[in-house]
Amino acid sequence: MNIVAAILLFGFIVLVHEFGHFLLAKLNGIGVVEFSIGMGPRLVSLVKTNGTYKVKLLARPEADALAPESETTVYSLKLLPFGGSCMMVGEDSDVEHPDPNAFGNKPVFARILVIAAGPVFNFILAFLFAIVIVGAVGHDAPVLYGVTEGSPAQEAGLQAGDRITKINGRKIYAYRDVQLYTFSHPGEQMVIHYERPADGTWETKGAFEKRSVTLTPAYSQEYQTYLIGVQFRGYEKVHGIGELISDSVYEVRYCVVSTFDSIRMLVHRQVKVDEAISGPVGIVGMVGETVQEGREVGTKAVVLVLSNWVLLLSSSLGIMNLLPIPALDGGRLLFLLIELVRRKPTDPKIENAVHMAGMMVLMALMVLVLFNDISKLIIR
């Protein structure tokens with residue numbers, strides 16, 4: 001049941017992504033040939049043609065040809081619950097499509113909106129579930145509860161009550177930002193900007209003094225990582241709708257920043273690829289494990305676990321799809337932006353060849369990731 005829950009969760013996130021493409025395509029008058037959830041053979045299809053619906057079960061490819069006209073839309077549920085698609089009329093055509101509602105015949109701004117809608121809907125979904133998390137557990141303010149004896153933080157003069165605001169120019173909104181920066185920049189010297197309340201507490205909302213210190217994290221044999229030796233108060237309840245919204249936006253922002261930090265660490269070989277990257281099989285396994293742990297605590301814990309996974313996975317999917325990689329939304333947006341600047345489209349044959357090459361590379365990468373996921377399961 002935990003694995004089923006994980007698969008449904010993953011499918012739901014992909015569904016929202018593809019629904020973003022679908023909705024904006026419909027709003028911009030672009031014909032949608034097929035909107036599908038999953039990959040592989042179709043289990044069931046609902047075909048809409050000129051307002052008439054027809055259900056088809058286990059349709060074979062030769063008997064399930066999709067009409068190219070913009071009046072026909074096929075809604076499909078496919079066998080494998082990983083991925084999905086929104087196939088638009090003339091989307092990958094090498095020649096000009098005769099249908100006026102074809103993707104390539106619409107203004108470039110309309111096409112940009114359609115392609116960008118998928119990642120944007122992922123961020124919206126992440127934000128909605130961040131509201132659930134923040135409303136339940138609160139926010140982790142970067143206010144020090146104390147410092148470790150003999151640590152770099154103590155030697156630099158930091159003390160309980162200090163609120164960290166920046167590290168090497170990066171804004172700090174929560175104590176997780178401090179942990180993330182220390183982890184992703186191991187051993188690097190830090191210029192820490194912080195605020196110290198004049199009366200020793202932030203509860204009175206009185207005057208404070210802005211200060212800064214320079215320190216270098218020390219390696220901890222106990223924790224096998226670099227630390228600066230600070231302790232924080234933990235999570236505190238938020239007050240008012242304003243704090244709820246701003247802290248929920250921060251949760252999405254944290255996912256974005258941590259993703260880019262992870263990519264940077266991969267590029268600099270600070271972490272191993274097989275340890276840092278997981279595919280659908282690995283993700284489903286991790287989600288299932290955390291759901292099981294949550295079930296042992298209670299219903300609220302399960303809800304928070306699932307909400308946190310939606311936040312993380314939906315944000316990650318949005319980010320990865322915005323990267324300028326051929327075959328992904330970011331690669332398509334890059335060609336559309338080039339068209340916007342040049343005021344004429346790129347040769348469709350060249351663009352499709354680039355996307356096809358990118359798809360082949362991505363498929364090869366997926367095979368490697370799948371092999372890595374299965375190897376981890378066997379070892380465990």
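None of the figures in this text is laboratory data; all of them are computed from the coordinates on show. Since this is a predicted model, take the numbers as computed values, not measurements. Reconstructed Cβ throughout: ideal geometry from the backbone, glycine too, with neighbour counts over all protein chains shown.
Hey, what number do you get for the chain at 222 nm if only DSSP H runs of n ≥ 4 count, each worth -39500 (n - 2.57), divided across all residues, to the nearest 500?
Theoretical 222 nm ellipticity from helices: -17000 deg cm²/dmol.
Here percent of Cα pairs over 40 Å apart was computed from the coordinates, and among (i) 38; (ii) 28; (iii) 18 the match is (ii). With respect to the cross-link table entries Lys171/Lys210; Lys54/Lys78; Lys106/Lys344; Lys106/Lys349; Lys78/Lys349; Lys171/Lys300, which display a Cα-Cα separation exceeding 21 Å? From the list (Lys171/Lys210; Lys54/Lys78; Lys106/Lys344; Lys106/Lys349; Lys78/Lys349; Lys171/Lys300), the Cα-Cα distance tops 21 Å for Lys78/Lys349; Lys171/Lys300.
Here r is the Cβ-Cβ distance between Thr214 and Phe260 and R0 is 30 Å; the resulting FRET efficiency, rounded to 0.05, is 0.75. Among Leu333, Leu323, Leu15, whose mean-square fluctuation peaks in a Gaussian network model of the chain (Cα, cutoff 10 Å)? Sorting by GNM fluctuation, first place goes to Leu323. Axis of helix 240-267 versus longest Cα principal axis of the chain: the two differ by about 80°, to the nearest ten degrees. Applying 1/(1 + (r/R0)^6) with r as the Cβ-Cβ distance of Ile124 and Lys349 and R0 = 45 angstrom yields a FRET efficiency of 0.80.
The relative contact order of the range 218-352, computed from alpha carbon pairs under 8 Å that lie at least 6 residues apart in sequence, is 13 percent. Overall, the anisotropy analysis places the range 150-297 in the oblate class: the square-rooted eigenvalues a ≥ b ≥ c of its C-alpha gyration tensor yield a/c not less than 1.5, with a/b not exceeding b/c. Extension gain for Asp94-Lys237 works out to 45.9 nm (0.36 nm per residue, less the C-alpha to C-alpha distance).
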